[in-house]
Amino acid sequence: MSIIIKSKREIEAMRHVGHIVAKVLEVLKREIKLGMKTKELDSIACKELEKRGARPSFKGYRGFPASLCVSINNEIVHGIPGERIMDEGDIISRDLGAIYEGFQGDAAVSVILGDGSPQAKKLVEATEKALEVGIEAANNGARLGDISAAIQMYAESRGYSVVREYTGHGIGRQMHEEPQIPNFGRKGEGPKLKKGMTLALEPMLNIGSWRTCVGGDGWVVSTIDGSLSAHFEHTIAITDGKPEILTAF
Ligand code: MG
């Protein structure tokens, strides 16, 4: 399978769904409260998507039971919302995908609930910044490896490891299209980035080892050593100039 180049009209549709994802994540940021159960965030996400005429991408995807992924502290991605109560200082990573008129948008954000430890705050800041440097590297004519290398170099220069077993991805009519976008790699390698490519970049940074394990529910991915993790993601489009963030808040 090759990387699909989107037309102007298709990018326009992706801008629309990207905006919906951003808006719903914004509502979640406003509504999240200490003592809330993670499943309450999922209900808000469901309602807010429905209000905007969009469907959740994750629900039913390989049997995933919810619209939103909520991963806490040492959990990296794919946490299933449920009875867990969110506590002071927790790192809450929320990942949301939506479908609108046949196109997909995907974004994630980590926040600290209440007052977090300096360690947690630095990790969340660095992960957000790692996404930013990845996006900055996503220029027309650059190589895919330039994005991967930029993320890895930034993360490791701050003393963090990048998760290797889960990656960013192309996105469009499908949530996961070609190419895979690892958060580690070499500058100058991989396919050339071209105008009209739409990509979901998603660095996942750990304080300890990059190694991961999957929980007993078959979904939640955690750090193998129990160290803290954070996750940020945007769907972007490659343009003639700077990349366009389709899920910008
Ligand atoms: Mg994604």
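Things to note:
- For Ala142: the one exception among (1) open to solvent by 20 Å² or more (accessible area, probe 1.4 Å); (2) more than 17 Å from the chain's Cα centre (by Cα): (1)
- Of the candidates Gly190, Gly241, Gly172, Gly218, the single residue that is part of a loop (DSSP other than H, G, I, E, B), open to solvent by 10 Å² or more (accessible area, probe 1.4 Å) and either within 14 Å of the ligand (Cβ to nearest atom) or under 27 Å from Ile20 (Cβ atoms) (or both) is Gly241.
- Any hit, the range 110-127, residues being under 17 Å from Trp219 (Cβ atoms), part of a strand (DSSP E or B) and within 15 Å of the ligand (Cβ to nearest atom): no
- Within the range 193-210, if we keep just the residues that are more than 16 Å from the ligand (Cβ to nearest atom) and under 18 Å from Ser93 (Cα atoms), the residue that is surrounded by the most Cβ atoms within 10 Å (Cβ to Cβ) turns out to be Asn206.
- Hits in the range 63-80 (condition: among the polar types (S, T, N, Q) and either open to solvent by 10 Å² or more (accessible area, probe 1.4 Å) or in a strand (DSSP E or B) (or both)): Ser71, Asn73, Asn74
- Gln180, sole failed condition from (1) surrounded by fewer than 24 Cβ atoms within 10 Å (Cβ to Cβ); (2) touching a Pro at 6+ places or on another chain (Cβ under 9 Å); (3) assigned to a strand (DSSP E or B): (2)
- Every pair of residues 6+ apart whose Cβ atoms lie under 7 Å, when the first sits in the range 55-69 and is in contact (Cβ under 8 Å) with a residue 60 or more places away in the chain while the second is assigned to a strand (DSSP E or B) and surrounded by fewer than 22 Cβ atoms within 10 Å (Cβ to Cβ): Ser57/Ile99
- Filtered residues of the range 77-129 (kept if over 15 Å from Ser57 (Cβ atoms) and charged (D, E, K, R)): Glu83, Arg84, Asp87, Glu88, Asp90, Asp115, Lys121, Lys122, Glu125, Glu128, Lys129
- Test result for Arg158, open to solvent by 30 Å² or more (accessible area, probe 1.4 Å), free of Cβ contacts under 8 Å to residues at least 60 places away in the same chain and farther than 29 Å from Ala98 by Cβ: yes
The values are calculated or read from the model by the stated rules, or taken from the named source; none is laboratory data. Quick caveat, the model's predicted, so the values are computed rather than measured. Note that we place each Cβ from the backbone using ideal geometry, even for glycine, and neighbour counts take in every protein chain shown. All accessible areas refer to the heavy atoms of the entire protein, side chains included, with ligands and DNA or RNA removed. Shrake-Rupley method; radii C 1.70, N 1.55, O 1.52, S 1.80 Å.
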